[in-house]
Amino acid sequence: MKKLVYDLPLRLFHWLFAFYFVFAFIIAKTVDSESLTYSYHMMAGLTLGFAVLLRLVWGFIGSRHSQFKNFELHPQKLIQYGLNVFKKNAPIFSGHNPASSWAALVMFTLTFGLVITGFLMTSTPDKEKFEDIHEIFANTFILIVIAHIAGIVIHTVKHKDLIGLSMLSGRKNKVADHESITKSYAWVGFIFIILIIGFNVYIGQNFNTETRKLNIFNTTLNLGE
């Protein structure tokens, strides 16, 4: 019987995080910077950063497998996990395994790197100075995402367990009673969505589509060429 391990706020963050990054990345790679649409790449990046801030808060006060203190972050465990990844008797983790634990923290760090360099690109005259760094962060992020997806596929094939669905239902197989959670914290998930919507409304109201300038937190960002 599958048991609940991931609360609703964590699952909502996971999919919104994926959506905003993919949305921003696709625009950056397919739309000319002179287009108005390109400005939404930058606004998506700001929302991504805001979502990570909320996730960091939940990482300290959330349920068992949302808290960073329960991530598998010991380097030796990561090495051991990598060595055993293709073995049938490799251990199965109730929450985040060592690879996904590290992937999450690296992606959060890269997100802040993207937001900071993007902010500096749009608020200072030295855009070129930060553009290359911004692109390195974005491409590294994509590599981490690909590795993360590969890990999901390997687990699914090896254990015949559709682990990807756990971020939809919040439930996983082979979980001990003491490692499951009893509440999904739906009300926190509702607040999370309201805050994300509110942030999008805020930046939308402060964005001038004609000048492509965004006034946010007493700072003017130039989202166009």
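Output the residue which, of all residues in the stretch 46-89 that are among the β-branched types (V, I, T) and assigned to a helix (DSSP H, G or I), is modelled with the lowest pLDDT.
Ranking the candidates gives I79 first.
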> Can you pull out the residues in the stretch 180-195 that are of a type outside the set (S, T, Y), under 19 Å from S94 (Cα atoms) and either in contact with a Lys or Arg (Cβ under 8 Å, 6 or more places away or on another chain) or surrounded by 13 or more Cβ atoms within 10 Å (Cβ to Cβ) (or both)?
Replying inline: I181
> Within the stretch 109-152, which residues are in a helix (DSSP H, G or I) and either over 27 Å from H14 (Cβ atoms) or touching an Asp or Glu at 6+ places or on another chain (Cβ under 6 Å) (or both)?
Replying inline: L120, M121, T122, S123, K127, E128, K129, F130, E131, D132
>> With the requirement that a residue be in contact with a Leu (Cβ under 9 Å, 6 or more places away or on another chain) and surrounded by fewer than 17 Cβ atoms within 10 Å (Cβ to Cβ), what does the stretch 168-179 give you?
In response: S169, R171
>> What's the number of the only condition in (1) touching a Phe, Trp or Tyr at 6+ places or on another chain (Cβ under 7 Å); (2) crowded, with 19+ Cβ neighbours inside 10 Å; (3) among the hydrophobic types (A, V, I, L, M, F, W, C); (4) farther than 28 Å from Y185 by Cα that V115 fails to meet?
In response: (1)
>> Cβ-Cβ distance below 7 Å, separation of 6 or more or different chains: which pairs start in the stretch 1-15 with a residue that is closer than 15 Å to I194 by Cα and end on one that is of a type in the set (D, E, K, R) and assigned to a helix (DSSP H, G or I)?
In response: F13/R55
> What are the residue pairs meeting all of these: first residue in the stretch 38-63, first residue under 30 Å from S180 (Cβ atoms), second residue of a type in the set (F, W, Y) and not in a helix (DSSP H, G or I), Cβ atoms under 8 Å, and 6 or more apart or on different chains?
Replying inline: G62/Y185; S63/Y185
>> Between T156, T117, T122, which is modelled with pLDDT under 90, out of contact with any strand residue (DSSP E or B) (no Cβ under 7 Å at 6 or more places or on another chain) and polar (S, T, N, Q)?
In response: T156
>> Go through the stretch 196-212 and report how many residues are surrounded by 17 or more Cβ atoms within 10 Å (Cβ to Cβ) and either of a type outside the set (A, V, I, L, M) or touching a strand residue (DSSP E or B) at 6+ places or on another chain (Cβ under 7 Å) (or both).
In response: 4
> Among the residues of the stretch 98-108, is any of a type in the set (F, W, Y), assigned to a helix (DSSP H, G or I) and either surrounded by fewer than 18 Cβ atoms within 10 Å (Cβ to Cβ) or touching a Cys at 6+ places or on another chain (Cβ under 7 Å) (or both)?
Replying inline: no
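Kindly establish whether F13 is assigned to a helix (DSSP H, G or I), surrounded by fewer than 16 Cβ atoms within 10 Å (Cβ to Cβ) and at pLDDT 95 or above.
no
The values are calculated or read from the model by the stated rules, or taken from the named source; none is laboratory data. Just so it is clear, the structure is predicted and the values come from calculations on it, not from any experiment. Positions of Cβ are backbone-derived with ideal geometry, glycine not excepted, and every protein chain shown enters the neighbour counts.
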